1. Condition test on Ile76, is it farther than 22 Å from Ala105 by Cβ and β-branched (Val, Ile, Thr)?
2. Which condition breaks for Ser74 when tested against (1) in a strand (DSSP E or B); (2) over 21 Å from Glu103 (Cβ atoms)?
3. Tell me, please, whether a residue that is in a helix (DSSP H, G or I), farther than 21 Å from Ala105 by Cβ and in the same structural domain as Ile141 (by TED's automatic domain parsing) can be found in region 8-25.
4. Assuming Tyr93 fulfils every condition listed in (1) surrounded by fewer than 17 Cβ atoms within 10 Å (Cβ to Cβ); (2) at pLDDT below 85 apart from one, which condition is it?
5. Contact list please: Cβ distance under 8 Å, first residue in region 129-142 and in the same structural domain as Ile156 (by TED's automatic domain parsing), second residue of a type in the set (Ser, Thr, Tyr) and modelled with pLDDT of 85 or more, pairs at least six apart or on different chains.
6. When the residues of region 120-147 are filtered to those that are closer than 19 Å to Ala84 by Cα and touching a Pro at 6+ places or on another chain (Cβ under 6 Å), which remaining residue is modelled with the highest pLDDT?
7. Being in the same structural domain as Asp167 (by TED's automatic domain parsing) and either in a loop (DSSP other than H, G, I, E, B) or more than 15 Å from the chain's Cα centre (by Cα) (or both) is true for just one of Glu87, Glu41. Which residue is that?
Amino acid sequence: MKATGIVRRVDDLGRVIIPQKIRRTLRIREGDPLEIFVGHEDEVIFKKYSPIGQLGDFAKKYADALHETTGHISMIADRDVIIAVSEANQREYRGKNIGLAVEQALEERATLIMNELQPADDNVYVIQDGYSKYAIKSQVIAPIITQGDPIGAVIIVTKDAGVKLGDMEVKLAETAAGFLAKQINV
């Protein structure tokens, strides 16, 4: 565990303010759920809670099934990172921060389809990473929404130039997003 040197007092309602610098670094937004753990030696540990992350192996199996059906790379993300990838080279995507395109789909609560991507604009990529933005040529991003809140996304991408993703990939991604949302509400 890393010490920050920041000390905060608990107020009369039992609240503690998490400093803005830490919230920005950890991408904690207003309304984000935090899980509370009690550690050794009277430690209280806050961890970002990811309902999608709780699906773990199930999310991976669903991404694999999407890949087998479409032949394209399939990913499942929570609000911060890619948690499941269907492709052999998982290090390229898994655990990487989501990009502005996924954030846009989550914010708008709408499926995005982008074909013939060019590496000139950072606003169109699924992850915040230098290499992959040059490799992805088309993508579909469907937000996973539970109780009106976007909690993640199903993403289908292709690196093949000239291949356009269409209605089939959109419907598959939206179906997967709906199914994963229902798994979380169970």
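1. Working: farther than 22 Å from Ala105 by Cβ: no; β-branched (Val, Ile, Thr): yes.
It is false that Ile76 is farther than 22 Å from Ala105 by Cβ and β-branched (Val, Ile, Thr).
2. So Ser74 meets the others, but not (2).
3. Among the residues of region 8-25, not one is in a helix (DSSP H, G or I), farther than 21 Å from Ala105 by Cβ and in the same structural domain as Ile141 (by TED's automatic domain parsing), which makes the answer no.
4. (1)
5. Ile136/Thr158; Lys137/Thr158; Ser138/Thr158; Gln139/Thr158; Val140/Thr111; Ile141/Thr111; Ala142/Thr111
6. Pro143
7. Answer to the selection: Glu87.
The values are calculated or read from the model by the stated rules, or taken from the named source; none is laboratory data. Quantities reported herein were computed from a predicted structural model and do not represent experimental measurements. Positions of Cβ are backbone-derived with ideal geometry, glycine not excepted, and every protein chain shown enters the neighbour counts.
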